[in-house]
Amino acid sequence: MRNWQRGLALGLALFGVLGFASAQEKGVVIEIDDLKNTTPATWKEEKASKMRYMQFRLAKVGDDKDDAEIVIFKGLGGSAEQNIERWKGQFLPPQGKTIAEASKVDKVKLGKNEGMYLDVSGTYLFKVAPFDPNGKTDKKENYRMLAIQFEGPKDIYHIKLTGPAKTVESYKKGFDEWFNGLK
């Protein structure tokens, strides 16, 4: 084989590898009513239960013990205010603070519609079956939840990113860019 042929073969092989790698690095397209956007590649889709529309695992960072997760619920009821209060109730505030001081609520725009965005931190009162009054609660310290209630033209959606505070902070920018990019 001549040098130019070797170079061409090596170039094509490298192009094929890079093309394959970039195809593997794409996220998942999520459709929310008439809006859609592709997730960051770091969101690993998992099989969702019947109650969940979609769910994703986000790898832990640093010395965090747990991964974070993003869960999207579709068609669940309750007003934004009711759900935000319920989500705040899943946290104990850091010592010396109230839950109001440990949380922030903003209005956000998703497409043409508005939503409510909660950012809350503290000790997460995790329950495997959240609506089971007899279910065991596992207290997870230094956790954070970013939660959005969005009322689309067809359904109500709850989008929640929950996990160790450091891990959630590392994914917050991509989470915000994803939902702000829903078109």
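Every number here is computed from the coordinates shown, using simple stated rules; none is lab data. This structure is a prediction, so every number in the text was calculated from the model and none was measured. Using ideal geometry, Cβ is built from the backbone for each residue, glycine included, and neighbour counts are taken over all protein chains shown.
Per residue, the chain reaches -8500 deg cm²/dmol at 222 nm when only DSSP H runs of four or more residues are counted, each adding -39500 (n - 2.57).
Could you order peptides 142-155, 67-80 by the average number of other Cβ atoms within 10 Å of their residues, highest first?
Peptide ranking by packing, descending: 142-155, 67-80.
Computed extension length for D138-K47: 30.4 nm, one decimal, from 0.36 nm per residue of separation with the Cα-Cα distance subtracted. For the chain, the longest principal axis of the Cα atoms and the long axis of helix 165-180 meet at an angle of about 70 degrees. In terms of its C-alpha gyration tensor, region 117-160 has an oblate overall shape, because the principal axis ratio a/c (a ≥ b ≥ c, square roots of the eigenvalues) is not below 1.5 and a/b does not outweigh b/c.
Overall shape of the chain was characterised from the C-alpha gyration tensor. The equivalent ellipsoid obtained from it has semi-axes of 37, 20, 15 Å, in decreasing order. Taking θ as phi - 60° and the Karplus parameters 6.51, -1.76 and 1.60, the scalar couplings of region 148-155 work out to 10, 10, 10, 9, x, x, 10, 9 Hz in sequence order, x denoting glycine and proline. In terms of overall dimensions, region 19-124 has a Cα radius of gyration and Dmax of 16.4, 53 angstrom.
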